[in-house]
Each structure stands twice: as C-alpha cells, then as structure tokens.
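Colleague: Below is a structure I'd like to ask you about.
The values are calculated or read from the model by the stated rules, or taken from the named source; none is laboratory data. Being a predicted model, the structure only gives us computed values, none of them experimental. All Cβ positions, even for glycine, are placed from backbone atoms using ideal geometry, and neighbour counts span all protein chains on display.
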Amino acid sequence: MSKSKWLLVAAVICFAAGLLYSQLPGRNRYRGDHKLIILGIDGMDPQLLERFMAEGKMPNFAALARQGSFRRLTTSTPPQSPVAWSNLITGLDPGGHGIFDFIHRDPATMEPYLSTSRVEPPKHNLHLGSWVIPLGGGTAELLRHGAPFWNILEDHGIPTSVFHMPANFPPSASKARTLAGMGTPDLRGGYGTFSFYTDDPTVQAGEVEGGEIIPVMVQNWRVSANLEGPKNSFRKDWPPALVPFTVSVDPVSPVAKISIQDREFVLREGEWSDWVQVDFSLIPGLESVSGICRFFLKQVHPRFQLYISPVNIDPANPALPLSTPASLSRDLWRQVGDFYTQGIAEDTKALSDGVLDDGEYLQQAREVAAEQRRIFDAEFPKFHRGVFFFYFSSLDLNGHMMWRLMDSHHPAYDPTLAAQYGNALESFYQQIDGVLGEVLRTLDSNTTLLVLSDHGFAPFYRSFNLNTWLLDNGYLALKPGANQEEGQYFTNVDWSRTRAYGLGLNGLYLNLKGREKDGIVQPGREANALLDELGAKLLSVRDPANGVPAITRMSRTAEVYHGAYAKDAPDFIVGYNRGYRAGWKTILGAFPRQLFEDNTYAWSGDHCMDYSLVPGVLLSNRKIDAQSPALTDIAPTILAEFGIANGHGMMGHSVFQPPAASRSQTASLGR
Amino acid sequence: MALGTPTSSFLVLPIASNHALIFLFVLSIITGLVMIVLFGYLSDQNAVRRAKDQLRAQLLAVRLFQDQPQVVLRAYGRILTGTGRYLRVSFKPLAIIIVPMLALLIYCDRYMGSLPFQANQPILLTARLDKPEALDNISLRLPQGLTESAPAVHIAEDNEVAWRLVASGEGNYTVNVLAGGQELGKQVVVSNNLAHLSECRLRGHLWQRLLECAEPALPANAPVRLLAVAYPARDIDLGPWTTNWLVVYFVVSLASALLFKFILGIEI
Amino acid sequence: MFGYKLKIEDDLLERLKKCSEMAGYASVDEFIVHALEKEATAILGAESSSASEEEIKKRLRGLGYIE
C-alpha cells in the first residue's frame, strides 16, 4: 500500500481507539466503593406499612426496620407528589423550586395550567393553503427550578441513574442517566386520554374526564373507527392526526380480530393486547409521530365495547424528550420492550368514568407495576457504583382508587366489591416488599439504602368546596345574573369584587393588586389583615354532618417558603383534616351549591391535606439520627454520603448527621 | 421447487445463528466482493477504462477552457456521448450480475425480512376461502407444542378465518388446515435464531408466490386461496436508528465493492 | 443550535450575581431568565399565552385529582 493509504488506516484505527476509550465505563469517574440505593415509593403510608409489617405481610420491610431504621418522613407543604418530589430532588422548599401544586395559574390571564412542564408549539409558521410549515421546532420546558441532586453528583464524578422521577419532564439537562416520570404527557398532550368505542346507545358519547367515548356501528360484523393521535401542527387549525382501524367480530364467539396499520391481532372478550406501535402521519411520507397503545376488548356481544389506552410516547422513537441521555429510553426499550411512558400510567379516570370496572382497572394497574418491575430488574443488576434511584407509582394510584374497598366507613364502600378486591392495595404493598427483598440480597457494607415515600395516605370521605365558601362568605363575587353552578375556570367571577379565590388542590390566593390581572387587594397591611381573617375563619369551619373541623392548618407561604419563587405561590396552603379534601369542582374554579359533599367517587383515598397528617416513610439500613427527617433532608443526605456539601439554597441536613437545632414549620396556623 | 426453500439453506448454515447483524455484514461484504470480481471478469476492462478516460478528459476541458464557450459546449456534448458509451460498456456485466443478485435478495429476505415467532407469543394464522359457506366447515389439526389460545374469528365479509395460536417451545411446526375434505399444511417457525420463513401458501399467483412464499402452492382444487401467518418484521438496530435489512445491505455491499475495486484495481 | 448569547458587562454581572444570591435563585442564569420572562409577560400581557377553555380542559384532562 502507498504511504497515504497507511496514513488513512492509522487515522481510522486511532479514531476507533479514541472512541472506544471515551466509552470505557468509569473513565474520569468516581472510583470509591460507596454506593447509595434509593427506592422512591409514591404514597407509601407509615400506618399501613406498620400494619402490614405487624401482620407479617411485609417481611423485608420488617427486617429493614428492625435491623436499620424506620422513621416518619415529614412531607411537603402541600403534600402533593409534584411538590414533594421537587423538595426531594432539589433540597429546596416550593419557594426555591417553584412547584406549589399540580395546578398553577397565570396571574396575567387567570388561566390554570399543569405546574411542572409546558409544551409549546413552534413560534413561527409558514402557511401554504391548508398546510402549515413550522419555522423552527416546538419546545418542551420543565418548570421546576433548582439544581437536581443528580447534577451535583455528576459534577463531582458520581455516576447516577434516576428512573421515573416525577416532576422531571422534560428531563433537565444532565450527564446522569435519567428517565422522566409523573408529569410526562401522552401524545395528545394531557395526563392521559383513553378512547372507548361502543355501539351501546345508552352510553353518552363525547368527552369525559380523562377520555373520549366514541359511538361506532357494527356493520356486517365489522367496526371501522379512527384512533386519535397528536394534533397535526402541519395542518391549518391543527386537526388531530388519525389512524383508521377495523375490528372484525366473530358472529358467535366472544372474540375479534383487530387490524391497525400493518398489525393484526386477535383478542378475546376481557383480554388486553400487548403494546401496539402506531405511526401518526403528519406529512404523508415525510413526517410522522410514533406512539404506542394497548387495546382492551371489554365486550363483543351483545354490545361492542373496546377501550384503547392513551397513546403513549414511543420509548423507542420518542417524539418528546423522555430521558438523558436521549438514547436511554431506547436502550430500556431494547431490554424490556415497550413500556408506559405517560407520567401517570394507571388509568384511574377510566375506572372513575365506569369505562373499566374494578377488576379491569386492577389488571391494567398490575401490568403497570409489572412493567416498572421489569425495568427495575433490567437496570438494578447493572448498578455497581454511585447512586441508583428508582420510583414506583403503584401504592399512590391504587391508594387513591382502592381505599373505598378496605374502609367500611367510606361513602363509596361496597361490601361485594370489598370482598373481591379489598386486599388489592395490600397486594401492591407486598409487591414492593418483593422489590426490597431483591435489593436487600445485594447489600454490602459499602452500600447505603434509603427507602422513602413522598407522603402517606388517608381516606377521602368528604369534600370541601373552598370557592363556594369564599362566595358564601363574601370574599368572592360572581358577575351579576351568573348562574353559580355554571362554568369553570372562574369564567363567571367578577374580579372587581373578589378578594380571594381557591385554585388547585390546596391553594388559596388573594386577588392582589399588581399581581393578579384585575387585583383589588392592596399588598401590605390590607393583604395581611385579610389573610389573618381568612386563616382564622377557615380554621373554624366545621362539617355540619359531624361537627369535625374541615381544615386543621393554614400555612402562610410568605412565612413557610424560602427562595426566589415564593412570590409566585398561593398566599395560603390550605391543610385539610384527615378525611377531607378540596371538592372536585372547586379545584378549577367552579362553585357547587353544597359546601360539603360526600365523596362517592372511586378516587377514595387522598393525601392533599394538612401535611402533618400524611407523613411519608423513611427506612434505611443505617441508623437514622434525625428524629423528624423531612423530604428536604434527602438531597443533603445523598450529597453527604459522598462528602459533598449542600447545594445552593438547600435547607436540610443529612439524616445520618442531624443539626443541633431542631426543625419546625412554625409559620403555620395549626389547631 | 419454490425459490429459496429450506433445502437450499446451505448458504447460511455456517452462520445460522441469531447474530443477524453479523450475518448481514458478512453477506454484504461478500456480495460487494463477488459483484466487483464478476464485473471485472464480465466487462471489457480496456473499454471501460477508455470510456472513463475520455470522460475525464472532457471534464478537464470544461475546467481549463472556461473562457472559450465553443470548447466548453463541445466538451459537454462529448461528456453526454461519453456517458452513453460508458453505460453501454457497463450494461452487459450489470445485466448479468443483476439476475443472481435479485435471486439472492429474495432468498435472503426469507431470513432477514422477518423474525421467527417466539415461544408463548401469539401467532395469527389466517385462511382465506373461496366461498363464505365454507367458513363453517374449516378446522385445524395442530401439532404437539402448538395450541389455540382463542376461539377462531370468522369474518364472512372477507371469506376469512383467523386463529390465534401459541407455541410452548421452539420448533418448525406444520399446522394442518382441514377444509373441503383436504388437509393443507402451513409452516410455522418458532425460534430464537435466524430461520428460513415463509409467510404464506397461495393458490395460483405465480409471481406473488415467487416473491413472498417459500412453500409449495396450494392445490388448484383446494377450497382455500391463502394460508398465511404474519411474522413480526425484523428491524436492524443501528443504535439510534432502526432500519430495514435491505438498506444496510445496499450501503455495506456498495462500500465493500468500492473498497475491493480499489484493492483489486478493477475499473467500474 | 447553541441558543442566543448575550454579552453582559462584568460589573453588571457581579450585581446580578449578588441579586440572584439575595433573592435565593439557584444560579445567576436562572435569575436572568426569570427576570426577562417576567418583563416579557408584563409587556406582551395576556395575548401571548391565552388559551381557550377547551384547550385548558384538554391539557388538564386525565389528572385524577380533578373532575
């Protein structure tokens, strides 16, 4: 070969060697032996855990509590998952990370929005007839502020893996391996929209909470319908992208063949399909979006009933960012196949709407739990250095849905269903015990284990309509002639006569001049006096049904929050008593006539209450010195395990080395 | 014999493993080498070289005499005729090479185009009949290891019956469909390795059979027009992308051909 | 690809750093972005982010806590 050819060969070899070297695990990385494993279990309740441990149903947790430590973990104010996990992620309270509730409002427009992320379409477009050509891409923005603990760890060379972390969509830029969790939308942009197709004329077609009921006809034993996907931003007015499908039903047997794009499969009545990958064409032949969904053939005869899950972002080919590095979701897909990517995978709305019954919902929820376990089983054995965090959702969502079947005092208690499914929540607890058993088997003297939950759980017997109370007590006024029970999102509110309003699950805002669009309350003395008055009055509200106080804590955010975003927070966080929660319609600015209502919904357990009534759990294989550890202590604990000082603004301390002074949330008005 | 039946699987036997990507790369590189050697053997190398030299000379003229439009125009004309000459001297070897290439592609697609079924994975078997009345008189005889996991779906509008089967383990099964007093077999492969797959058995439709089926035609008097199973499509995983095996095959075999042309000094 | 870069004089940057620390921001970048966002909203007002009631409903759909 000529000299130039040899040079070329040498260059290729050098390039390949460099590439290989850069990929070697552990290069420029932490070389110590210490490891930290964190199991984040949403909604694990200390009382239930103690009961199940005492009954011998959770032997691994019992062993960990006995040999290590078990504490109640002070949750966030308010104790809502996005807020609580943001406290954990950043070591800041909501004043520092800016997440105060599931739902925030824009004071300039008074419109509510999901608090943790914003997905924006492209800002500029070129219009060509019915086609729209976007000039630049759309964006997905994480609205949580503050540095996540894994970024600080990675800056110190500690390899970190974080799976399904809530309040982290789109995943914040990081060198760590992270997979987004709660807060990740489906392809239609919401928390999850199912589709239900039926020829039953008694079922009302149209949009329901969390889904859509679509009427179909069975003609010649065949149903033809469309599956709705994302909006097509390439078309004028953004119509939804549709994928047609057909279902051929057998005239006699309860079985059908479903054909969608190039996929065909047979389902029996009562069966779930595997994940089905679907391409939504935006520009034929040029641009499409890939999604995945599951089919459930609820009934074939006499009525046709087919449920299709929300269309999830395809982890193999994600249309929106799901992980860091971006390739991680695809790597996981290679290992375990398709998996739910929407943040809240358990389809609680389908159960609430009656589209799935308890048994069908539990099948789906068990599959979600099994999928999370498969990802855990694929990733955990690879963990050898640094920090490993894994989140499990099932105790939270099933605590919400199954509480009524294990509590005979609940207004939605049904003895027949309780006999069938009364131990469903318990079995989900036992599954988590199985995961812990797997982890305990691998522990060595160099490994610290933290098992924690963001909050506990309580029954949700009665709802309190905060906005109705504000209206009844003259703090809020409707437009002249407006019907109190019509409209949502404060559409009938006369802001010129409104001093306070409730929004979200625990937020109470003043209509403050200079902040709200049509604010009338002067900041300063007038606002403070109004807050004093509201706090005292709300704490004295009694449920006429039993004389029990509905609210046990009113936390003034100006006093309990610290950091740059405290000024965007509600003025009060309303802490409901155990058994009480904000009413279903008051949350988004509606005004039901009744101040108190029985909660007869399937969503029967909750935690959006007084934070002191729903603590989470903290267990470790090491001795926890802190007597009342809090969520904001977790990030400092993680950092301290590797000798790293608190990040900027972090207020907590390692639970293994408590500060001299005790911590308390003294700024709350408590009972 | 249908093109590419298992009897001719000697070609892939040495590397019949589940390393599809390795097999694909090896096959593509060998294809590139064989193509270039064949081209060298079948073509008039002197004529190819002359045609290319003349093209180069005219391209040089275009660059050198940019200030003389007449020369440039004449050079463009000669480039056109030179291209024609080049295509003419290349046509014969290419035309000869393309026949075995096509056969090879069809043959390899039986291995690379789809994945065999996995044990416990649902298998959809479809039979399409001539008349809807026959739908009620069709049944299955399954070999050991295969079971029906759902009742059959009878679709009168398409004269079709669909069965969902499941295999308990790996194997090369033959499912027998009983219709109109005849017993018609259909191959079903359950495997974790590269395997020779045939999606359908057809009655008539010679070209479709050549391209898509690797099993004997259904008898002309059979009441069944089609027996088919849908093997999952095989995607070639290239890290951030997945693609069809043909894309990888063409890119790698082309690169391989160019490399061997360089090494062996063959003009193309 | 690399976003828009803004040149800030050193003494202004120092002042901004001080402000961001006093106000409790995690970084000076976060403080600057937040301040600019606030100003843009104040100038553009409601029109930049208005959404129909239907849109709001769709975005919040599926959240179990609401009806």
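Colleague: Mind checking whether some residue in region A:399-412 is farther than 18 Å from A:ARG51 by Cα, within 14 Å of another protein chain (Cβ to nearest Cβ) and part of a helix (DSSP H, G or I)?
Modeller: yes
Colleague: Among the residues of region A:431-453, is any assigned to a helix (DSSP H, G or I) and out of contact with any helix residue (DSSP H, G or I) (no Cβ under 8 Å at 6 or more places or on another chain)?
Modeller: no
Colleague: Name the residues in region A:56-72 that are among the aromatic types (Phe, Trp, Tyr) and assigned to a strand (DSSP E or B), would you?
Modeller: A:PHE70
Colleague: Does region A:121-140 contain any residue that is facing chain C (nearest Cβ under 10 Å) and part of a strand (DSSP E or B)?
Modeller: Checked against the condition, which is being facing chain C (nearest Cβ under 10 Å) and part of a strand (DSSP E or B), region A:121-140 yields no hits at all.
Colleague: Please state which one of B:GLY40, B:GLY32 is surrounded by 15 or more Cβ atoms within 10 Å (Cβ to Cβ), in contact with a Ser or Thr (Cβ under 8 Å, 6 or more places away or on another chain), closer than 30 Å to B:LEU105 by Cβ and among the small types (Gly, Ala, Ser).
Modeller: Checking each option against the conditions leaves just B:GLY32.
Colleague: Of all the residues that make up region A:341-374, how many are outside any loop (DSSP other than H, G, I, E, B), out of contact with any helix residue (DSSP H, G or I) (no Cβ under 9 Å at 6 or more places or on another chain) and within 14 Å of chain C (Cβ to nearest Cβ)?
Modeller: Qualifying residue count for the region: 1.
Colleague: May I ask you to list the residues in region C:9-24 that are at pLDDT below 85, out of contact with any His (no Cβ under 7 Å at 6 or more places or on another chain) and either surrounded by 11 or more Cβ atoms within 10 Å (Cβ to Cβ) or at the interface with chain A (Cβ under 9 Å from one of its Cβ atoms) (or both)?
Modeller: The answer is C:SER20, C:GLU21, C:ALA23.
Colleague: For region A:558-587, name all the residues that are within 13 Å of A:THR77 (Cβ to Cβ), within 14 Å of another protein chain (Cβ to nearest Cβ) and assigned to a loop (DSSP other than H, G, I, E, B).
Modeller: If the condition is that a residue be within 13 Å of A:THR77 (Cβ to Cβ), within 14 Å of another protein chain (Cβ to nearest Cβ) and assigned to a loop (DSSP other than H, G, I, E, B), then A:TYR561, A:HIS562, A:ALA569 are the ones that fit.
Colleague: Which one of A:SER620, A:SER540 is within 28 Å of the chain's Cα centre (by Cα) and among the small types (Gly, Ala, Ser)?
Modeller: Exactly one residue qualifies, and that residue is A:SER620.
Colleague: Kindly list the number of the only condition in (1) in contact with a Pro (Cβ under 8 Å, 6 or more places away or on another chain); (2) more than 13 Å from every other protein chain (Cβ to nearest Cβ) that fails for B:LEU102.
Modeller: (1)
Colleague: Here is a follow-up. Residues to consider are A:THR448, A:THR442, A:THR491; find the one that is surrounded by fewer than 18 Cβ atoms within 10 Å (Cβ to Cβ) and under 27 Å from A:PRO46 (Cα atoms).
Modeller: A:THR442
Colleague: Which one is surrounded by the most Cβ atoms within 10 Å (Cβ to Cβ), of the residues in region A:588-598 that are away from every other protein chain (no Cβ under 11 Å) and part of a loop (DSSP other than H, G, I, E, B)?
Modeller: Selected residue: A:PHE591.
Colleague: Which condition from (1) charged (D, E, K, R); (2) in the same structural domain as B:ARG56 (by TED's automatic domain parsing); (3) part of a strand (DSSP E or B) is the one that B:ARG78 breaks?
Modeller: Unmet for B:ARG78, out of (1) charged (D, E, K, R); (2) in the same structural domain as B:ARG56 (by TED's automatic domain parsing); (3) part of a strand (DSSP E or B): (3).
Colleague: Please go through region B:134-155 and give me each residue that is farther than 16 Å from B:THR174 by Cβ and either among the β-branched types (Val, Ile, Thr) or within 14 Å of another protein chain (Cβ to nearest Cβ) (or both), ordered by number.
Modeller: The answer is B:LEU135, B:ASP136, B:ILE138, B:SER149, B:ALA150, B:PRO151, B:ALA152, B:VAL153, B:HIS154, B:ILE155.
Colleague: Which residue pairs have Cβ atoms closer than 7 Å, lie 6 or more positions apart in sequence or on different chains, and pair a first residue in region A:212-225 that is more than 9 Å from every other protein chain (Cβ to nearest Cβ) and more than 17 Å from B:VAL161 (Cα to Cα) with a second residue that is part of a strand (DSSP E or B) and modelled with pLDDT under 95?
Modeller: Going by the 7 Å Cβ cut-off, the qualifying pairs are A:ILE213/A:GLY206.
Colleague: On to the next question. Pairs please, first residue from region B:194-211 and under 23 Å from B:LEU27 (Cα atoms), second anywhere and in a loop (DSSP other than H, G, I, E, B), Cβ atoms under 6 Å, 6+ apart in sequence or on different chains.
Modeller: Listed pairs, sorted by first residue: B:LEU194/B:ALA16; B:ALA195/B:PRO116; B:LEU197/B:TYR231; B:SER198/B:CYS213; B:SER198/B:ALA214; B:SER198/B:GLU215; B:LEU210/B:LEU3.
Colleague: Among the candidates B:ALA233, B:ALA214, single out the residue that is crowded, with 17+ Cβ neighbours inside 10 Å and of a type in the set (Gly, Ala, Ser).
Modeller: On the way: B:ALA233 fails: crowded, with 17+ Cβ neighbours inside 10 Å.
Criteria check complete, one pass: B:ALA214.
Colleague: Here is a check on your reading of the model: is A:ALA241 assigned to a strand (DSSP E or B), more than 13 Å from every other protein chain (Cβ to nearest Cβ) and over 27 Å from B:ALA162 (Cβ atoms)?
Modeller: Considered against the rule, which asks whether it is assigned to a strand (DSSP E or B), more than 13 Å from every other protein chain (Cβ to nearest Cβ) and over 27 Å from B:ALA162 (Cβ atoms), A:ALA241 comes out as yes.
Colleague: I've got another one for you. B:GLY185 - would you say it is at positive phi and not acidic (Asp, Glu)?
Modeller: In short, no.
Colleague: Separate question: Just one of B:LEU124, B:LEU80, B:LEU73, B:LEU60 is of a type in the set (A, V, I, L, M, F, W, C) and crowded, with 16+ Cβ neighbours inside 10 Å; which is it?
Modeller: B:LEU124
Colleague: Follow-up question, since we're still on this one. When region A:291-320 is examined, which residues are found to be among the polar types (S, T, N, Q), at pLDDT 95 or above and surrounded by fewer than 20 Cβ atoms within 10 Å (Cβ to Cβ)? Write out each step before concluding.
Modeller: First pass over region A:291-320, keeping only residues among the polar types (S, T, N, Q): A:299, A:305, A:309, A:312, A:317.
Subsequent filtering for residues that are at pLDDT 95 or above retains A:299, A:305, A:309, A:312.
Result: A:GLN299, A:GLN305.
Colleague: Further question on the same structure: For region A:321-357, give me each residue that is within 17 Å of the chain's Cα centre (by Cα) and small (Gly, Ala, Ser).
Modeller: If the condition is that a residue be within 17 Å of the chain's Cα centre (by Cα) and small (Gly, Ala, Ser), then A:SER323, A:GLY343, A:ALA345, A:ALA350 are the ones that fit.
Colleague: Can you list residue pairs whose Cβ atoms sit under 6 Å apart, with the first residue in region A:85-97 being facing chain C (nearest Cβ under 9 Å) and the second being among the aliphatic types (A, V, I, L, M)? Count only pairs 6 or more apart in sequence or on different chains.
Modeller: Going by the 6 Å Cβ cut-off, the qualifying pairs are A:GLY95/A:ALA566.
Colleague: Can you pull out the residues in region A:490-517 that are under 21 Å from A:THR557 (Cα atoms) and part of a loop (DSSP other than H, G, I, E, B)?
Modeller: Of all residues in region A:490-517, those under 21 Å from A:THR557 (Cα atoms) come to A:498-517.
The answer is A:THR498, A:ARG499, A:GLY504, A:LEU505, A:ASN506, A:ASN511, A:LYS513, A:GLY514, A:ARG515, A:GLU516, A:LYS517.
Colleague: Ok, one more. Out of B:VAL166, B:VAL175, B:VAL188, I need the residue that is touching a Ser or Thr at 6+ places or on another chain (Cβ under 9 Å) and more than 14 Å from chain A (Cβ to nearest Cβ). Which one?
Modeller: Going through B:VAL166, B:VAL175, B:VAL188 in turn, the sole match is B:VAL188.
Colleague: Could you say which residue among A:ALA326, A:ALA316 is touching a strand residue (DSSP E or B) at 6+ places or on another chain (Cβ under 8 Å) and among the small types (Gly, Ala, Ser)?
Modeller: Exactly one of A:ALA326, A:ALA316 is touching a strand residue (DSSP E or B) at 6+ places or on another chain (Cβ under 8 Å) and among the small types (Gly, Ala, Ser), namely A:ALA316.
Colleague: To continue, here is another question. So the check is Cβ under 9 Å with 6+ separation or different chains; which pairs have a first residue in region A:245-269 that's at pLDDT below 95 and a second one that's in a strand (DSSP E or B) and of a type in the set (Gly, Ala, Ser)?
Modeller: Here the result reads A:ASP262/B:ALA233, each pair linking region A:245-269 to a residue that is in a strand (DSSP E or B) and of a type in the set (Gly, Ala, Ser).
Matching residues to (1) within 14 Å of another protein chain (Cβ to nearest Cβ); (2) assigned to a helix (DSSP H, G or I):
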| position | (1), (2) |
| --- | --- |
| A:SER281 | no, no |
| A:HIS301 | yes, no |
| A:ALA316 | yes, no |
| A:SER329 | yes, yes |
| A:PHE339 | no, no |
